[in-house]
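Asker: First the structure, then my questions, so here it is.
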Amino acid sequence: MYIVVLGAPGAGKGTQAVAIAREMEMAHIASGDLFRQAVERGDELGVRVKGYMASGALVPDEITIKMIMQRVAAADCDNGVILDGFPRNLQQAEALDADLKKKNKKIDRVLYIDVPEEELVRRLIGRRVCRDCQKPHCNSNSQKKPEGKCRYCGGELYQRPDDNAETVAKRLKVYFAETMPLIEYYRRQGKLAEVDGQGSVEDITEKMLDAIGSGIIKK
Ligand code: ADP
Ligand code: ZN
């Protein structure tokens, strides 16, 4: 089963994708995490993508599509995949559809997490992320410095360099221009399920699992 999680930066894609992947015993593939790991390693991919990420722009499709297709071909994806952060524009969506078709596979469901724009900005500027497990932590007081340890693994919390006001504005602009059209793309294919992204993390996970269950047999 292939599931795409769609939503703006700060909508909670990562948090929910992890929860659903665990629940359904599927692989979780987050394009942003893969890029950040490459930057951290300082390898060739990392060097190529660093500048785009820092400015809030999309990494060029050629690089992104290649990286994801390689990752999706790995053995741990046989049980199904939750895609988080990819596809992010029409070209990527079409490339993914074409690649899956060649393997006689397809996207089964697209879960769109809907959150109002003001809320997105508040969450992104206030959040801290674990360096080890990547899990986001909300900080309602955005003035506060990053501090404390990850509540899941004890790792160090830090503020992502792209979670500053200027880059957040750019990322949201890119999202509205490039990624929003995918909602219509998948709605036309009859695959879209919309979920309200405000409420408790657990309630939203539950709603998303329901949306996967409807019309599809849960693994
Ligand atoms: P967010 O959804 O919070 O913006 P991500 O971790 O998904 O964060 O992505 C961080 C950055 O990584 C993006 O701003 C972009 O530069 C790059 N990136 C991630 N996924 C893609 C993608 N599918 N296509 C192009 N660039 C991407
Ligand atoms: Zn952690």
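The values are calculated or read from the model by the stated rules, or taken from the named source; none is laboratory data. Keep in mind that what you see is a predicted model, and the values were worked out from it rather than measured. We place every Cβ from the backbone using ideal geometry, glycine too, and count neighbours over all the protein chains shown. Quick note on the areas: whole protein, heavy atoms, side chains included, nothing else; ligands and nucleic acids left out. Shrake-Rupley method; radii C 1.70, N 1.55, O 1.52, S 1.80 Å.
Asker: Since Lys170 meets every condition but one in (1) at pLDDT 95 or above; (2) open to solvent by less than 20 Å² (accessible area, probe 1.4 Å); (3) assigned to a helix (DSSP H, G or I), which condition does it not meet?
Answerer: Every condition holds for Lys170 apart from (2).
Asker: Taking Ala19 as the residue in question, decide whether it is within 12 Å of ligand 1 (Cβ to nearest atom) and of a type outside the set (Val, Ile, Thr).
Answerer: no
Asker: Which residues, counting only those in segment 49-69, are of a type in the set (Lys, Arg) and either touching a residue at least 24 places away in the same chain (Cβ under 8 Å) or under 22 Å from Leu96 (Cα atoms) (or both)?
Answerer: Once the filter is applied, which keeps residues that are of a type in the set (Lys, Arg) and either touching a residue at least 24 places away in the same chain (Cβ under 8 Å) or under 22 Å from Leu96 (Cα atoms) (or both), segment 49-69 yields only Lys66.
Asker: Among what's in segment 173-196 and is assigned to a strand (DSSP E or B) and open to solvent by less than 20 Å² (accessible area, probe 1.4 Å), pick the residue that is nearest to ligand 1 (Cβ to nearest atom).
Answerer: Residue satisfying both the conditions and the ranking: Val195.
Asker: Related question: Can you find even one residue in segment 25-35 that is in a helix (DSSP H, G or I), open to solvent by less than 10 Å² (accessible area, probe 1.4 Å) and more than 10 Å from ligand 1 (Cβ to nearest atom)?
Answerer: no
Asker: Just to verify a result, which residue in segment 84-112, among those that are without any contact (Cβ under 8 Å) to a residue 60 or more places away in the chain and more than 12 Å from ligand 1 (Cβ to nearest atom), is farthest from Ala57 (Cα to Cα)?
Answerer: This residue is Asn104.
Asker: Can I ask one more? List pairs: first residue in segment 113-131 and surrounded by fewer than 19 Cβ atoms within 10 Å (Cβ to Cβ), second residue in a helix (DSSP H, G or I) anywhere in the structure, Cβ distance under 7 angstrom, at least six positions apart or on different chains.
Answerer: If the second residue must be in a helix (DSSP H, G or I), the pairs left are Glu117/Leu172; Val121/Val168; Ile125/Ala165; Ile125/Val168.
Asker: If you don't mind, there's one more thing I want to ask. Which ones in segment 70-83 are free of Cβ contacts under 8 Å to residues at least 60 places away in the same chain and over 16 Å from the mean Cα position of the chain (by Cα)?
Answerer: Gln70, Ala73, Ala74, Ala75, Asp76, Cys77, Asp78
Asker: Within segment 20-38, which residues are under 15 Å from Met1 (Cβ atoms) and out of contact with any Asp or Glu (no Cβ under 8 Å at 6 or more places or on another chain)?
Answerer: Result: Ile20, Ala21, Arg22, Glu23, Met24, Glu25, Met26.
Asker: From the list Val39, Val81, exactly one residue is open to solvent by less than 50 Å² (accessible area, probe 1.4 Å), out of contact with any Pro (no Cβ under 9 Å at 6 or more places or on another chain) and more than 12 Å from ligand 1 (Cβ to nearest atom). Which is it?
Answerer: Result: Val81 is the single residue among Val39, Val81 that is open to solvent by less than 50 Å² (accessible area, probe 1.4 Å), out of contact with any Pro (no Cβ under 9 Å at 6 or more places or on another chain) and more than 12 Å from ligand 1 (Cβ to nearest atom).
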